[in-house]
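Colleague: This is the structure, below, for whatever I ask next.
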Amino acid sequence: MNWKFWKRGKAKAKKKSATREWIEAIVFALIAAGLIRTFAMEAYTIPTPSMEKSLMVGDFLVVSKVSYGARLPMTPIAFPLAHNTLPLLKIKSYVDGIQWKYRRLPGLGKIKNNDVVVFNYPMEDWRPVDRRDNYIKRCVGIAGDTLVIRNRVVYINGKAIDQPVGLQHQFLVRTDGSSFNPKTLEKMDVTEGGAFSAQGDFRFNLTEENADKMKQFGNVRMLEPYVMPRGVYTEEIFPHHEHYPWNLDSYGPIVIPAQGVRMPLNVHNIHIYRRAIEIYEKQKVDVKGNAIYINDKPADGYTFQMDYYWMMGDNRHNSLDSRYWGFVSEDHIVGKAIFVWLSLDYNKPLFRKIRFSRTFRSIR
């Protein structure tokens, strides 16, 4: 008879193999990173110059998800830590057959005018909302605001907004026929623009500070801001209709929709609000003669279900923003950019790439 049967319950657990320990560690790390990325914060990099010189190509940012409340996943089945494509393979990283409706956790606050915001690009209708490319711009207008641009200046509710540090516009420069020293332009960090005639005519994207400096150059005969005149219709500018002859420097007035607020509609302003009603809020819209129908019922107004925002780049003449594609709905909002943790100048040699002056710099 085996008298040691009572010891069986105390037998030592079998030691895990090294392979199993590695797998468990990797799975735990992926889950932890995924939770932090979804509900707390995420790292982003600036790929384009639309925010220069406020944010620069090569800036690596930390974006807070808790500032406005973390958005719960809308496309739940996806490869961990991938956005919309798998690296190297360049194939879809998600399954779009299962979609959850938009929900957001309570946040520390709401979007304010002049916040720098990361959001999903609203024009990628072929992708689920949370899998659209990430854009970063300054929110110049929030829900309920009336926005106007006059002579390049943005007005919200009749008041000119504060100009962000680093704001750039395009300037026309005429010299005595000579060019500019590349080293001088590099020192000033002038990176966009150049000659457009052989007679000494130049276009540069400049901050006001750099424009004032360039005026003092001995070879500069004229320097003035480039401004598109009021009433000049630019077809690519939202809402892409000749009834609204707007352009980059002369725009509006336009009222930004707010949740729960009824917007009067007519055959003209339906061009402004149709996309928001039809694409973002999933309502059927028809225009028949002078009559507007929403879900097959006559309508002279519409009550919006979400808040909307107006996003613009600080590099005003080199930014694809709301002036081109209109409102950004609240379900597209990802988070608030809070600081730059690393900045690289890809045009500099290896040991000069890091912009130490921008490292761990807060975003304003």
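Colleague: Tally time: how many residues in the range 110-121 are of a type in the set (D, E, K, R) and either buried (at least 17 other Cβ atoms within 10 Å of the Cβ) or not in a loop (DSSP other than H, G, I, E, B) (or both)?
Modeller: 1
Colleague: Taking the range 33-59 only, how many residues are without any contact (Cβ under 8 Å) to a residue 12 or more places away in the chain and under 22 Å from ARG104 (Cβ atoms)?
Modeller: Residues meeting the conditions: 2.
Colleague: Of the residues that make up the range 150-163, is at least one in a strand (DSSP E or B), of a type in the set (Phe, Trp, Tyr) and closer than 26 Å to LYS348 by Cα?
Modeller: no
Colleague: Collect the residues in the range 16-41 that are in contact with an Asp or Glu (Cβ under 9 Å, 6 or more places away or on another chain) and of a type in the set (Lys, Arg), keeping them in residue-number order.
Modeller: LYS16, the sole residue that qualifies.
Colleague: Let me ask another. Scan the range 75-94 for residues that are in a loop (DSSP other than H, G, I, E, B) and either touching a strand residue (DSSP E or B) at 6+ places or on another chain (Cβ under 6 Å) or at pLDDT 95 or above (or both) and jot them down. Walk me through how you get there before you give the answer.
Modeller: Let us first name the residues in the range 75-94 that are in a loop (DSSP other than H, G, I, E, B), namely 75-77, 79-84, 86-91, 93.
Selection gives THR75, SER93.
Colleague: Further question on the same structure: Tell me which residues, restricted to the range 93-109, are surrounded by 14 or more Cβ atoms within 10 Å (Cβ to Cβ) and either more than 19 Å from PRO128 (Cβ to Cβ) or touching a Phe, Trp or Tyr at 6+ places or on another chain (Cβ under 9 Å) (or both).
Modeller: Those that are surrounded by 14 or more Cβ atoms within 10 Å (Cβ to Cβ) and either more than 19 Å from PRO128 (Cβ to Cβ) or touching a Phe, Trp or Tyr at 6+ places or on another chain (Cβ under 9 Å) (or both): SER93, TYR94, ARG104, GLY107.
Colleague: Can you find, within the range 39-60, the residue that is surrounded by the fewest Cβ atoms within 10 Å (Cβ to Cβ) among those that are hydrophobic (A, V, I, L, M, F, W, C) and within 13 Å of the chain's Cα centre (by Cα)?
Modeller: It comes out as ILE46.
Colleague: Further question: Would you be able to tell me the number of residues in the range 311-333 that are of a type in the set (Asp, Glu) and not in a helix (DSSP H, G or I)? Spell out how you get there, then give the answer.
Modeller: Of the range 311-333, the ones of a type in the set (Asp, Glu) are 314, 321, 330-331.
Keeping just the survivors that are not in a helix (DSSP H, G or I) gives 314, 321.
Adding up the residues that qualify gives 2.
Colleague: Return yes or no: is GLY260 assigned to a loop (DSSP other than H, G, I, E, B) and of a type in the set (Gly, Ala, Ser)?
Modeller: On the way: assigned to a loop (DSSP other than H, G, I, E, B): yes; of a type in the set (Gly, Ala, Ser): yes.
Yes.
Colleague: Restricting attention to the range 187-215, which residues are surrounded by fewer than 17 Cβ atoms within 10 Å (Cβ to Cβ), assigned to a helix (DSSP H, G or I) and under 30 Å from the mean Cα position of the chain (by Cα)?
Modeller: Selection gives LYS187, MET188, GLU208, GLU209, ASP212.
Colleague: List the pairs whose first member sits in the range 233-259 and is touching a residue at least 60 places away in the same chain (Cβ under 8 Å) and closer than 19 Å to ASN157 by Cα, whose second member is crowded, with 17+ Cβ neighbours inside 10 Å and among the acidic types (Asp, Glu), and whose Cβ atoms are under 6 Å apart, counting only residues at least 6 apart or on separate chains?
Modeller: What qualifies is ILE256/ASP145; ALA258/ASP307; GLN259/ASP307.
Colleague: Sticking with this structure for a sec: Determine, yes or no, whether TYR273 is part of a helix (DSSP H, G or I), under 16 Å from the mean Cα position of the chain (by Cα) and either touching a residue at least 40 places away in the same chain (Cβ under 8 Å) or surrounded by 13 or more Cβ atoms within 10 Å (Cβ to Cβ) (or both).
Modeller: When the stated conditions are applied, TYR273 does not pass them.
Colleague: Is there a residue being in contact with a Gly (Cβ under 8 Å, 6 or more places away or on another chain), surrounded by 15 or more Cβ atoms within 10 Å (Cβ to Cβ) and not in a strand (DSSP E or B) anywhere in the range 346-353?
Modeller: The answer is no; no qualifying residue exists.
Colleague: Regarding the range 157-165, can at least one residue be identified that is buried (at least 20 other Cβ atoms within 10 Å of the Cβ), closer than 30 Å to ILE338 by Cβ and touching a strand residue (DSSP E or B) at 6+ places or on another chain (Cβ under 8 Å)?
Modeller: No, that holds for no residue.
Colleague: Looking at (1) outside any strand (DSSP E or B); (2) among the acidic types (Asp, Glu); (3) surrounded by fewer than 18 Cβ atoms within 10 Å (Cβ to Cβ), can you tell me which one ASP286 breaks?
Modeller: Here ASP286 clears every test but (1).
Colleague: From the residues in the range 67-92 that are hydroxyl-bearing (Ser, Thr, Tyr) and touching a residue at least 24 places away in the same chain (Cβ under 8 Å), which one is nearest to ASP331 (Cα to Cα)?
Modeller: TYR68
The values are calculated or read from the model by the stated rules, or taken from the named source; none is laboratory data. The shown structure was predicted, so the numbers you read here are calculated from the model rather than taken from an experiment. Counting neighbours? That spans all protein chains shown, and the Cβs are built from the backbone with ideal geometry, glycine included.
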